[in-house]
Amino acid sequence: MMRSLSFSIAATCTLAFAVVGSAQDANYDESKVPAYTLPELLKFEDGSPVATAEHWPKRRQELLELFGEHVYGHTPAKAKETKLEAKVTQAVTDFLGGKASMKEVTLTFPGVVDGPALHLLVIAPKKAMGEPVPAFLGLNFRGNHSIHADPRITLSENWMRPDKDGLVIDNRSTEKARGTSASRWPVEMIIDRGYALATMYYGDIDPDFDDGFENGIHAVFGKPKANEWGSIGAWSWGLSRALDYLILDAQVDGAKVAVIGHSRLGKTSLWAGAQDQRFAFIISNDSGCGGAALNRREFGETVKRINTSFPHWFNDRFPTYNDNIGALPVDQHEIIALMAPRPVYVASAAEDEWADPRGEFLSAKLASPAWELFGKVGVGVDEMPGIDQPVGDTVGYHIRTGKHDVTDFDWGRYLDFADRHVK
Ligand code: GTR
């Protein structure tokens, strides 16, 4: 059943390419960016000014509603009320040669027999045996076993997108996939800096294909209404449920949990951070369209293109703006602003034009007035910095050398930022 669905999504994607063109014919020419007017961040919907920190919670609420209604979809009330049950299924104290502990936690729906299960992996420095430490929480693309080669990490058995390297067969991961995403998850570096790392496979929450919202947690919550969540909303919800657990875990300081995500999962970390103010620090790594990049620039991936290729990511209202982006009541500088006054970091990669690095920088910059309401400095510069030159005070930004990826350079900056703002 699942298998045939996964093949039909491949067909949908091919069709999508035929309809809206390919990455090759996207616009990458700055001079062809259309003239645009952005919705005003510091103005209430009735036109009155947002002038003080006291005004911010109300404006924040307005923006959150607008993003729910027009972009990511509202989280259904039933999902907001749901708490998961946590069970520790494995705990070892000799991870990374003894400098860390590793624990696996299964999160399930109380009373739902054979329902979805979310598998959280928590790796913590030795110090966390005696006192809680700050943590990074992020979803992964290829299963917990892909982030580190230690064979004790349980191999994910859930549906997985096919890959080019033969690591996934019949939509299931193989043993060969162990540690294959390790370059994106520098576990030792994170542990050595005194942080815990918690991660979960995003497909545990909602398998990443357009199945009409029947599998993953949708099996529990039912088919969404037109203005309710798509997959990004579901993945974000999963991050909040993992945070529920981390807050209760004695190894982790629940008030110091950063949420991190790359690409589609960067869009997800932003939407999670927007909705759940318990996240202390939010990181968007190369999140691009539907993440940090301004929609109205239509540079690289556009709203029309993303809604056609990935009809299950956003809500059903978002595609109504495909050919009329100027009518969208929000733009992505406002999703960044929803993190205020907490620290946020937006990162781009020089060869990742598809994600529109300049559009990502402009969002960080144009969101910064929200921090100024609190007497804080946001990104603190007017011009986009040079390559590998991080900037920012409470809103961090860099564009690093290289392609669409997560590297040690990115993590190094996030750890420095966390040391400054969270630790
Ligand atoms: C691309 C998509 C991007 C980005 C990326 C990823 O195909 O166009 O928006 O999300 O996938 O998640 O790797």
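The values are calculated or read from the model by the stated rules, or taken from the named source; none is laboratory data. Small disclaimer: the values here were computed from a predicted structure and weren't measured. Glycine gets a Cβ as well: all are built from the backbone with ideal geometry, and neighbour counts include every protein chain shown. Accessible surface is based on the protein model in full, side chains and every heavy atom, while ligands, DNA and RNA are left aside. Shrake-Rupley method; radii C 1.70, N 1.55, O 1.52, S 1.80 Å.
Worth a mention:
- Residue match in the stretch 378-386 (condition: open to solvent by less than 10 Å² (accessible area, probe 1.4 Å), out of contact with any strand residue (DSSP E or B) (no Cβ under 7 Å at 6 or more places or on another chain) and not hydroxyl-bearing (Ser, Thr, Tyr)): no
- Applying the criterion of being open to solvent by 100 Å² or more (accessible area, probe 1.4 Å) and closer than 20 Å to Arg305 by Cα to the residues of the stretch 19-46, the residue that is modelled with the lowest pLDDT is Val19.
- The residue list Lys376, Lys365 contains one member that is over 19 Å from Phe409 (Cα atoms), assigned to a helix (DSSP H, G or I) and among the charged types (D, E, K, R), which is Lys365.
- Segments classed as helices (runs of 4 or more DSSP H), wholly inside the stretch 103-221, with at least 2 members that are closer than 20 Å to Trp313 by Cβ and in contact (Cβ under 8 Å) with a residue 24 or more places away in the chain: 202-205, 218-221
- For the stretch 332-347, the criterion of being in contact with a strand residue (DSSP E or B) (Cβ under 8 Å, 6 or more places away or on another chain), open to solvent by less than 10 Å² (accessible area, probe 1.4 Å) and farther than 20 Å from Ala418 by Cα is met by no residue.
- Beta carbons closer than 9 Å, at least 6 apart along the sequence or on distinct chains, pair a first residue in the stretch 398-423 that is more than 13 Å from Asp388 (Cα to Cα) with a second that is of a type in the set (S, T, N, Q) and assigned to a helix (DSSP H, G or I) for Asp405/Ser183; Val406/Ser183.
- Screening Arg161, Arg152 for residues that are farther than 24 Å from Asp211 by Cα, open to solvent by 10 Å² or more (accessible area, probe 1.4 Å) and basic (Lys, Arg) leaves exactly one candidate, Arg152.
Residue by residue, here is whether (1) within 24 Å of Glu54 (Cα to Cα); (2) in contact with a Cys (Cβ under 7 Å, 6 or more places away or on another chain); (3) small (Gly, Ala, Ser) holds:
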| position | (1), (2), (3) |
| --- | --- |
| His333 | yes, no, no |
| Phe361 | no, no, no |
| Ser368 | yes, no, yes |
| Val381 | no, no, no |
| His398 | no, no, no |
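- A single member of Phe314, Phe318 is closer than 19 Å to Gly73 by Cβ, touching a residue at least 24 places away in the same chain (Cβ under 8 Å), touching a His at 6+ places or on another chain (Cβ under 7 Å) and within 16 Å of the ligand (Cβ to nearest atom), and it is Phe318.
- Selected residue (only one of Lys87, Lys127, Lys83 is open to solvent by 70 Å² or more (accessible area, probe 1.4 Å), over 30 Å from Asp331 (Cα atoms) and touching a Gly at 6+ places or on another chain (Cβ under 7 Å)): Lys127
- If you check Leu239, Leu270 for being within 15 Å of the ligand (Cβ to nearest atom) and part of a helix (DSSP H, G or I), only one passes: Leu270.
- Scan the stretch 278-306 for residues that are away from the ligand (no atom under 11 Å from the Cβ) and not aliphatic (A, V, I, L, M) and the total you get is 10.
- Put simply, of Gly326, Gly291, Gly261, Gly300 the only residue that is open to solvent by less than 20 Å² (accessible area, probe 1.4 Å), outside any loop (DSSP other than H, G, I, E, B) and either of a type in the set (Phe, Trp, Tyr) or modelled with pLDDT of 95 or more (or both) is Gly261.
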